[in-house]
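Q: Just dropping this structure here.
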Amino acid sequence: MNDYELQEKTLKVHLQIIVDQCLKLQSDIMAIILYGGYGRDEGSWFQENNGLWKPYNDYDLIIVSQNKIPAEALKDLKATLVKQIGIKWVDLSQLRPDDMRRLKPSIFNYDLKNAAKVIYGDATLLELIPEIDRAALSMVEAKILFFTRLYTLLGSLDERGLNTTLKGEASRFFRNQMAKAILAVVDVLLLAKNAYDASYSKRVEIALRLYPEKEEFHKLCQWALAEKLRPQAPLMNADDVRSLYKRVHTFYFTEMYRGLSIYFGKSVSSPADVEHCMKWLPSSMLRRIWWIMKYRNFRVERQVAVMVAQGYIAAAWRSDGINKDDLNRGISLLRRADARVAQEMTWDVARLEAARLRMEV
């Protein structure tokens, strides 16, 4: 068997385990949908020393049924699948047919409609999702991608940070996160041109064609796509780590700020600009007030504080040193979300605190 056939064989075994375990939950499951990279046949695979191929990223699954599955049962199922398959994570959610009919234009729903596969049940259920014109995808997705992928710059390294040698899984994880940051920028650049596509490979191909003047972008895109599909784990010394981080960091903020400028309708070139737009633009203020009145608590305010804090802390890094003002502002915002956060921290401690709080608040 060639490598592709070996990967497909492994995937087939894993999907059968998934189907068997899902069907144990309840009898009225109408379909099980595999989406994400593996749903579009662009999953990440790496080869172990014994020659076996393993999936690197999580499996993304949706169960379609009329009756809601209890959240605790889904949680237990995730744990079972992770253990049986030997994968880091399984993203498992559920939809009813009526939910599918009401899905609105978004990157997630566009990909679900155009790049997912039914691994059990009625394959026609995907037809319930309304057709989504790529031109209908809003630049709000740029804001979502910016904050979501900040983790790649914050949580891709342990407490030793950039001044360390990486090998094995530590190297693979760091490089994979850097690739995700670049591919998120690709998505934003395509959204700005109404040219988004459900395929990773096609997105990169389209972006290279639409932005021929961005030479560094071309190099990073091609590297990121290869790294996404086949994560590598070469030995990286501290200079290698810093060099790659600097390239990605510079490119990420330059292009993401441009995307945010389009979305907010205001020039964004710093974390302070991001904070202003997230808090004080009329649309942002109204949204914050609405959430406070609806839920009668300040949880969303804490979430916004952590989101903005991530931007400050990630942007605080410079190749010639840490910007203390941005770092301290980021720490101050983290403390609004969690008073236990220390008033003074190194950049490495602060970025890991931000990475932690984004999952907890």
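Just so it is clear, none of the values below were taken in a lab; they were calculated from the coordinates. This structure is a prediction, so every number in the text was calculated from the model and none was measured. Every residue, glycine among them, receives a Cβ derived from its backbone with ideal geometry; neighbour counts consider all protein chains shown.
Q: Could you compute Rg(Cα) / (2.2 N^0.38 Å) for the stretch 210-291, with N its residue count?
A: The stretch 210-291 yields a ratio of 1.49.
Q: Would you mind ranking Arg175, Arg230, Arg351 so that the residue whose beta carbon has the fewest other beta carbons within 10 Å leads the list?
A: Ordered from fewest to most neighbouring Cβ atoms within 10 Å, Arg175, Arg230, Arg351 come out as Arg230, Arg175, Arg351.
Q: Run through the stretch 1-82 and list the trypsin sites (Lys or Arg not before Pro) located in a DSSP loop whose Cβ has at most 15 other Cβ atoms within 10 Å. Working shown, then result.
A: Values: sites: Lys9, Lys12, Lys24, Arg40, Lys68, Lys75, Lys78; in loops: Lys24, Arg40, Lys68.
The qualifying sites are Lys24, Lys68.
Q: What is the pair-distance distribution P(r) of the stretch 281-353, computed from all Cα-Cα distances in 10 Å bins starting at 0, with each bin given as a whole percent?
A: Per 10 Å bin, starting at zero, the Cα-Cα P(r) for the stretch 281-353 comes out as 21, 43, 25, 10, 1 percent.
Q: In vacuum, with every alpha carbon of the chain counted as one equal point scatterer, what does the Debye formula give for log10 I(q)/I(0) at q = 0.07, 0.10, 0.13, 0.15 Å⁻¹? Two decimals, please.
A: -0.33, -0.70, -1.22, -1.56
Q: Give the peptides 307-314, 87-94 in descending order of average Cβ contacts within 10 Å, highest first.
A: Going by the mean number of other Cβ atoms within 10 Å, highest first, we get 307-314, 87-94.
Q: What distance in nm separates the simple spin-label points at Thr165 and Ser283, each placed 7 Å from Cα in the Cβ direction?
A: 5.0
Q: In nanometres, what is the gap between the two model label sites at Val82 and Lys24, each 7 Å from Cα along Cα-to-Cβ?
A: My value for the distance between the label points is 1.7 nm.
Q: Expressed as a whole percent, how much of the Cα-Cα distance distribution for the stretch 118-200 exceeds 21 Å?
A: 51
Q: Just order 215-221, 319-325, 152-158, 179-185 by mean Cβ neighbour count inside 10 Å, highest at the front, would you?
A: Highest mean packing first, the order is 179-185, 152-158, 215-221, 319-325.
Q: If I take R0 = 45 Å and measure r between the Cβ atoms of Val300 and Asp3 in this structure, what FRET efficiency does the formula 1/(1 + (r/R0)^6) give, to the nearest 0.05? Let's see the in-between values first.
A: Working: r = 46 Å, r/R0 = 1.03.
Computed FRET efficiency for Val300 and Asp3 comes out at 0.45.
Q: In square nanometres and to one decimal, what's the mean projected area of the convex hull around the Cα atoms of the stretch 258-311?
A: Average projection, Cα convex hull of the stretch 258-311: 3.6 nm².
Q: Give me the percent of Cα-Cα pairs in the stretch 105-246 that sit more than 23 Å apart, rounded to a whole number.
A: On the way: 4393 of 10011 pairs.
Of all Cα-Cα pairs in the stretch 105-246, 44 percent lie more than 23 Å apart.
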